[in-house]
Amino acid sequence: MNPIASTRPATGAPPAPGDAVPADPGAVLELRGAAVRVGGVILWSGVDLEVGAGEFVAVLGPNGVGKSTLLKVLLGLLPAAAGQVRVLGQPPGRANHRIGYLPQRRSFDPSVQIRGTDVVRLGLDGDRWGIPPPFGRRGRATARRVREVIDLAGATGYANRPIGECSGGEQQRLLLAQALIRQPGLLLLDEPLDSLDLPSQAAAAALIGRICRDQGVTVVMVAHDVNPIISHLDRVVYMAAGGAAAGTPAEVINSETLTRLYQTPVEVLTSSDGRLVVVGQPEPPALHTDRHASGGTP
């Protein structure tokens, strides 16, 4: 069996940064024995991961284990401390023009008057901000692409409003449209559901899942809570103090795997409404947590 995503124990000897690793021409992401160091501390190591085109992958785990750092490595903003990393067939940073990136949630002050359409267009020609938009064929193509991605993100109804007057969920859809405007092959999303209410989380998760499937875009999403997105996921990468695990949600989000990662007994239950509940962990992971059952403060 050749799984799309896998890990090996952190104790395994990863390839040295110069070692050659056979490339899979069909893979969007490839990590082989990858490790990352921040401030002299290894956050994670021994991570093997392959992701194909059009797959939806969630990166989960407690705070401080390096989930967002993984995105920085993929963007070439932080070098891998060991192992091999390839993104869209290139070393990290070489193919960023084919990557859409949505950083951790930022809100716009209500006084911001820039229209949603202009925020979206910044993803295409932000380096020309303040310069009148092009005329003729190029100008029409730019305007058409802006309309297309706004429609794709379901934001047409409010795209001409000042973004400061849009709700949190509406702002997030416009920022997603901005990340999509260059027709990326890979979309990196850093906790895009954070601070949204539950209905908005569900709607945003469904939207991202649909874009992944219909557009053939590979999505890697850092998430705090897996429940809103679990039905859309192909793979999960779960990071904790005890290492990392990757595979299908069923292969990773279970008592045995999380007990190994947290190095303490953990039980994964399913609530009456179908949500996953983790019991017994010392620190809340990226799942809905029953704090009463785990002995935490209500």
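Values in this text are rule-based calculations from the coordinates and carry no lab data. Since the model is a prediction, treat every value here as computed from it, not as a measurement. FYI the Cβ positions are ideal-geometry reconstructions off the backbone, even for glycines, and counts take in every protein chain you see.
A few remarks follow.
- Given R0 = 41 Å, the distance between the Cβ atoms of residue 271 and residue 53 translates into a calculated FRET efficiency of 0.75.
- Based on C-alpha pairs under 8 angstrom that are at least 6 apart in sequence, segment 27-253 has a relative contact order of 29 percent.
- Coupling constants for segment 68-80 follow from the phi torsions by the Karplus curve (6.51 cos²θ - 1.76 cosθ + 1.60, θ = phi - 60°), and in residue order they are 5, 4, 4, 5, 5, 5, 5, 7, x, 7, 9, x, 5 Hz; glycine and proline get x.
- The amide H of residue 166, built 1.01 Å from its N in the peptide plane, has no neighbour under 5 Å, considering only residues 5 or more places off or on other chains.
- Residues whose placed amide H lies under 5 Å from that of residue 82, excluding near-sequence neighbours: 35
- When both segment 27-86 and segment 251-273 are represented by their alpha-carbon centers, they are found 22 Å apart.
- The residue 255 and residue 231 beta-carbon pair, evaluated with R₀ = 25 Å, returns a calculated FRET efficiency of approximately 0.75.
- Local net charge near residue 38, Cβ-Cβ under 13 Å (Lys/Arg +1, Asp/Glu -1): +3
- For segment 27-253, the antiparallel share of DSSP beta bridges with both residues in that region comes to about 55%.
- Mean Cβ neighbour count within 10 Å, used as a protection proxy, ranking 247-260, 265-278 highest first: 247-260, 265-278
- Between residue 248 and residue 144, the FRET efficiency from the beta-carbon distance, with R0 = 35 Å, is close to 0.35.
- Residue 227 long-range amide H proximity, modeled H, under 5 Å: 288
- Neighbourhood net charge (13 Å Cβ-Cβ; Lys/Arg +1, Asp/Glu -1) for residue 194: -1
- In order along segment 215-228, the Karplus-derived 3J(HN,Hα) couplings, from 6.51 cos²θ - 1.76 cosθ + 1.60 at θ = phi - 60°, round to 9, x, 8, 7, 10, 10, 10, 7, 9, 8, 10, 7, 4, x Hz, and Gly and Pro are given as x.
- Take 169-178, 83-92 and order them by the average number of nearby Cβ atoms within 10 Å per residue, most first; the result is 169-178, 83-92.
- For segment 259-266, 3J(HN,Hα) computed residue by residue from phi via the Karplus equation (6.51, -1.76, 1.60; θ = phi - 60°) reads 4, 5, 5, 8, 6, 7, x, 9 Hz, glycine and proline entered as x.
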